[in-house]
Amino acid sequence: MYRVTVRQGWDGKETTIHSENMNSVKLLSAKITKDVDSIDSFAFNISPKSPQYNAFKYRTTFVKVTNMKLGRVLFEGRVLPTTDSMDSSGIFDKSVTCEGLTAFLHDSIQDYYALSNNDLKAFLSHMIDVHNRQVDSYKRIKLGQVTVTSPSNNVYKSIDDSKTTYDTIKEKLIDKYGGEIRVRHESDGLYLDYMPEIATLSGQNIRLASNLLSLKRVVDPSEAYSVIKPLGARAEAEKETGDSEISQPRLTIESVNNGSSVLSSQSMIQKIGYVVHAEVWDDVKVASILKSKGQAALDSQREIKEQFQVTAIDLSLLTDRTVDSFECGNYHQTINPLMGIDEQLRIVGQSLDLCEPLNSTLSIGDKLLGQADYEALIKKQGEAIDEIKGRVAAQTANIVTISNEMKTTNEALSSAQKELSSLKTEYDKLIEDIGNKDFKAIMSKLTELENQTTTIITNLGEIGQNVLDLETFKTTQETINTKQETINEDFKKRITALEGGNK
């Protein structure tokens, strides 16, 4: 399924060091780690038996991991410092860590740059040009898809001339305007994409009773607030010497809000009480504008975190499946009716174990919920509890029906046993009278008794199997009933906790 190759230099010949077709030497361990906010990494251990044991050179040896079933490169990068070790039993191995191609952006330092009225794409293009002038030819990057925009491109931008290109992009673009970057290797070189999200909706669902092994959801409303205090720019005061200093309080909304410096949400106050949050807008110097911004922030706050922990089997690993694989950054429809979950969740982190694929894990990103989302979530969980209660009631009724059927079955069994006892008596009598009757009459009676016996034995077999089936079904239903009562109670506790104990 996975093939790992190594090459010396960017254009070197690839040599396989791990493959499902290799029967002798494979990697002792191998794990890819991905995160939407950081550079991919690949760590593995290799045995001295491998011909490539000493082939790993700092930054000039390149490693690639390919999913052979899908024909997709999962990782490509360069080798970092290696570690040789020997354990207490005298076994040697080498630990190798690699960083993805995006790390090339750490190999250049930006020049000082300051410019107004510059859009984000031109700003990023400038940084890439500076990078390309400093690095090896194979590290040069072309600008790919750039779809992140700023509210206004007429802003002042500057670059510190002491930081790497990667750190500058992170600080000046990602941290300020959001978005994600990636460096992709195409046939004609490297490309840098900068997009709000580098993601697609996967065709592989994560579903209960299919590939979902475990799912934990935690809703954390601790950052939610019911009252906001909007704060604007500070005023400058003049010293006696004529120097300017920032010492005045910030602009508030008292002058346009009936003397109050805060805005409140009564619906949130009813749910969480008075929780005050201060929000600062440094560039706002007009009280009415500040109030509008504060009200909008209060109405649209998304401070309630919905967190998920998911363990699932990637069905693309199965040889008879042709479905999308789990990919860091992608969305997967996740379905668990018993928890009221049917939504698209994004994989923001992934640990892929090449040697033990089923040990791979997924990290699901936090979702920020607004007040309406939070209320809908509580309602959905309540509906899930009601559905479980209905199932429990229905199963209880089934068990009562089964008990009645078993009673009827037992009565039939008792009747059959009486018939067999009567037949035995007739057989015994036939044996006693065998010398007093003619042979034809005896054979006729014997045939009649045999037919009756066969019929009763057949009926007994069906009755016995029915008893077993009913007992098994009853036991299964009682087990399911107990489990769902436990789930039901767990949901009650979660909702009580989410509502602050006011159930």
- Which numbered condition trips up GLU306, out of (1) open to solvent by less than 50 Å² (accessible area, probe 1.4 Å); (2) of a type in the set (D, E, K, R); (3) closer than 18 Å to ALA233 by Cα? (3)
- Query: Which of the residues belonging to region 76-120 are open to solvent by 50 Å² or more (accessible area, probe 1.4 Å), in contact with a strand residue (DSSP E or B) (Cβ under 9 Å, 6 or more places away or on another chain) and closer than 23 Å to ASN132 by Cβ?
  - Reply: HIS106, ILE109, ASP111, TYR112, LEU115
- Task: Determine, yes or no, whether ASP167 is of a type outside the set (A, V, I, L, M), outside any strand (DSSP E or B) and exposed (fewer than 15 other Cβ atoms within 10 Å of the Cβ).
- Result: no
- What pairs come up if the first residue lies in region 1-19 and is in contact (Cβ under 8 Å) with a residue 40 or more places away in the chain and assigned to a strand (DSSP E or B), the second is open to solvent by 40 Å² or more (accessible area, probe 1.4 Å) and acidic (Asp, Glu), and their beta carbons are under 9 Å apart, counting only those six or more places apart or on different chains? TYR2/GLU20; ARG3/GLU20; THR5/GLU14; VAL6/GLU14; ARG7/GLU14
- Message: Given the criteria open to solvent by 50 Å² or more (accessible area, probe 1.4 Å), of a type in the set (A, V, I, L, M, F, W, C), within 30 Å of the chain's Cα centre (by Cα) and modelled with pLDDT of 80 or more, does ILE272 qualify?
- Response: yes
- LYS69 fails exactly one of the following numbered conditions: (1) more than 20 Å from ARG3 (Cα to Cα); (2) outside any strand (DSSP E or B); (3) not polar (S, T, N, Q). What is the number of that condition? (1)
- Please find, among LEU231, LEU251, LEU201, LEU215, the residue that is among the aliphatic types (A, V, I, L, M), under 16 Å from the mean Cα position of the chain (by Cα), open to solvent by 20 Å² or more (accessible area, probe 1.4 Å) and modelled with pLDDT of 90 or more. LEU201
- Query: How many residues does region 276-303 hold that are assigned to a strand (DSSP E or B), open to solvent by 60 Å² or more (accessible area, probe 1.4 Å) and over 18 Å from VAL256 (Cα atoms)?
  - Reply: 1
- Query: So, of the residues in region 31-60 that are of a type in the set (Phe, Trp, Tyr) and part of a loop (DSSP other than H, G, I, E, B), which turns out to be farthest from GLY12 (Cα to Cα)?
  - Reply: TYR53
- Filtered residues of region 234-248 (kept if closer than 30 Å to GLN295 by Cα and either β-branched (Val, Ile, Thr) or modelled with pLDDT of 95 or more (or both)): ILE246
- Query: List pairs: first in region 59-71 and within 18 Å of VAL96 (Cα to Cα) and without any contact (Cβ under 8 Å) to a residue 24 or more places away in the chain, second open to solvent by less than 40 Å² (accessible area, probe 1.4 Å) and not β-branched (Val, Ile, Thr), Cβ under 7 Å, 6+ apart or cross-chain?
  - Reply: ARG59/ARG78
- Report whether or not GLY144 is closer than 25 Å to ASP283 by Cβ and either of a type outside the set (Lys, Arg) or at pLDDT 85 or above (or both). no
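The values are calculated or read from the model by the stated rules, or taken from the named source; none is laboratory data. All of these numbers come straight from a predicted model, not from anything done at the bench. All Cβ positions, even for glycine, are placed from backbone atoms using ideal geometry, and neighbour counts span all protein chains on display. The protein model used for the area step is the full one, side chains on, heavy atoms only, and it has no ligands, DNA or RNA in it. Shrake-Rupley method; radii C 1.70, N 1.55, O 1.52, S 1.80 Å.
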